[in-house]
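Inspection log for the structure reproduced underneath, given as C-alpha cells.
The values are calculated or read from the model by the stated rules, or taken from the named source; none is laboratory data. The structure presented is a predicted model; accordingly, all values stated were derived computationally and were not measured. Positions of Cβ are generated from backbone atoms using ideal geometry, with glycine treated the same way; all protein chains shown enter the neighbour counts.
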Amino acid sequence: MLDCAKANAILKLLQGCNSFTRLRKIQAQVIVSGLECDPSISTQLINFCGVSVSGSLAHAQLLFDKMLDPPTQAWNSIVRGFAQSPSPLLALSYYNRLLFSSSLSARPDTFTFTFALKAVERLKALPKCREIHGCIITTGYESDTVVCTGLARCYGRNGCLEDARFLFDYMPERDLVAWNAMISCYSQVGHHEEAMGMYEKMRNENVGLDGFSIVGLLSSCAHVGALGLGV
C-alpha cells in the first residue's frame, strides 16, 4: 500500500515535469524509493525523455534497455522520439525489435504504426512503407482512420500518389486530417489540379477547412489561377 502511494506521488511529479534536470531529480527519488522496476514509472520516464523537447533520447534508450518487458506505450515513446529526431532510422530499428519481440504484452498498435510511418516518410523508404502496410493488414489495423491516414501520407510523400488515393478513397471514415494529408501530398509534388479537386470534393461533402487545409491549398490555388475561390 505504501509503495502504491509512493508510485502515485512520483507519477504526479512526472506529469508536472518540465525539464531534464527536474526529471533526473525525480528519477533519484524513484531509485531511493525502490521503484525502479515499476513499469508505469519507467514508461513515464521514457516518454518524457523520448518525446519532450527538454528530454534526452540517449537517456530514454538507457531507461528502455533496463526494462525487462517494456509495455507498448514505452515502445511507442522510443519509436516516436527517434521518428522526429535527426536519426529516424533508429525508430525503425526499435519498431522491428517490437515486431520480433517475444513479449505477449507488447504488440504494435495505432500509435506504433503511425510513428513508424512518420520515420519511413522522412527516410523516403518506399519498400519499408509497403512492408509496414502488410503488417497493418495482418494485425487488423487496415480500417483504423489514424493508421490509414499515416499510410496514405507515407505513400504520397514517397511519390506513390495512386496508392495514397486508393487508401483515402476506401477509408471507412475520413476525418479532416485525412483530407489535409491528401491535399498536402498533391500540392507538394506539383499535382495542383488534383489538390484543388480534393478541395471541391471537400465542399461537396460539407467538410470544413482549417489552417492546415488552407496552407496546403494556397500554393495550388496560385498555380491554377484560383486565388479568387475564397479558400
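Observations on the model:
- Criterion applied to Cys154, Cys185 was being at pLDDT below 95 and either of a type in the set (S, T, N, Q) or assigned to a helix (DSSP H, G or I) (or both), and the one residue passing it is Cys185.
- Scanning region 188-221 for residues that are at pLDDT 85 or above and of a type in the set (Phe, Trp, Tyr) gives a single hit, Tyr199.
- Taken together, the residues in region 23-47 that are of a type in the set (Lys, Arg) and in contact with a Pro (Cβ under 8 Å, 6 or more places away or on another chain) amount to 0.
For every residue, the table says whether it meets (1) in contact with a helix residue (DSSP H, G or I) (Cβ under 9 Å, 6 or more places away or on another chain); (2) closer than 23 Å to Leu89 by Cβ; (3) in the same structural domain as Ser220 (by TED's automatic domain parsing).
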| position | (1), (2), (3) |
| --- | --- |
| Ala119 | yes, yes, no |
| Cys129 | yes, yes, no |
| Ile137 | no, no, no |
| Val147 | yes, yes, no |
| Arg157 | yes, yes, no |
| Trp179 | yes, no, yes |
| His191 | yes, no, yes |
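- Residues that are surrounded by fewer than 18 Cβ atoms within 10 Å (Cβ to Cβ) and either among the aliphatic types (A, V, I, L, M) or touching a residue at least 60 places away in the same chain (Cβ under 8 Å) (or both), drawn from region 100-126: Leu104, Leu123, Leu126
- When region 100-112 is limited to residues that are modelled with pLDDT under 95 and either in contact with a His (Cβ under 6 Å, 6 or more places away or on another chain) or hydrophobic (A, V, I, L, M, F, W, C) (or both), the one that is nearest to Cys135 (Cα to Cα) turns out to be Phe100.
- Members of region 77-99 found to be buried (at least 17 other Cβ atoms within 10 Å of the Cβ) and more than 29 Å from Glu162 (Cα to Cα), listed by number: Ser77, Ile78, Gly81, Tyr94, Leu98
- Residue list for region 1-14, restricted to those being within 26 Å of the chain's Cα centre (by Cα) and in contact (Cβ under 8 Å) with a residue 12 or more places away in the chain: Leu11, Leu13, Leu14
- Flag if Arg174 is in a helix (DSSP H, G or I) and either touching a helix residue (DSSP H, G or I) at 6+ places or on another chain (Cβ under 7 Å) or on the phi < 0 side of the Ramachandran plot (or both): no
- The listed residue being among the charged types (D, E, K, R), surrounded by fewer than 16 Cβ atoms within 10 Å (Cβ to Cβ), part of a helix (DSSP H, G or I) and out of contact with any strand residue (DSSP E or B) (no Cβ under 6 Å at 6 or more places or on another chain), out of Lys25, Lys6: Lys25
- Enumerated helices (runs of 4 or more DSSP H) restricted to region 54-99, each holding at least 1 residues that are free of Cβ contacts under 8 Å to residues at least 24 places away in the same chain and farther than 13 Å from Thr43 by Cβ: 57-66, 88-99
- Counted residues, region 156-208 - those being within 16 Å of Leu117 (Cβ to Cβ), among the small types (Gly, Ala, Ser) and surrounded by 14 or more Cβ atoms within 10 Å (Cβ to Cβ): 5
- For region 131-150, the count of residues that are aliphatic (A, V, I, L, M), assigned to a loop (DSSP other than H, G, I, E, B) and surrounded by 13 or more Cβ atoms within 10 Å (Cβ to Cβ) is zero.
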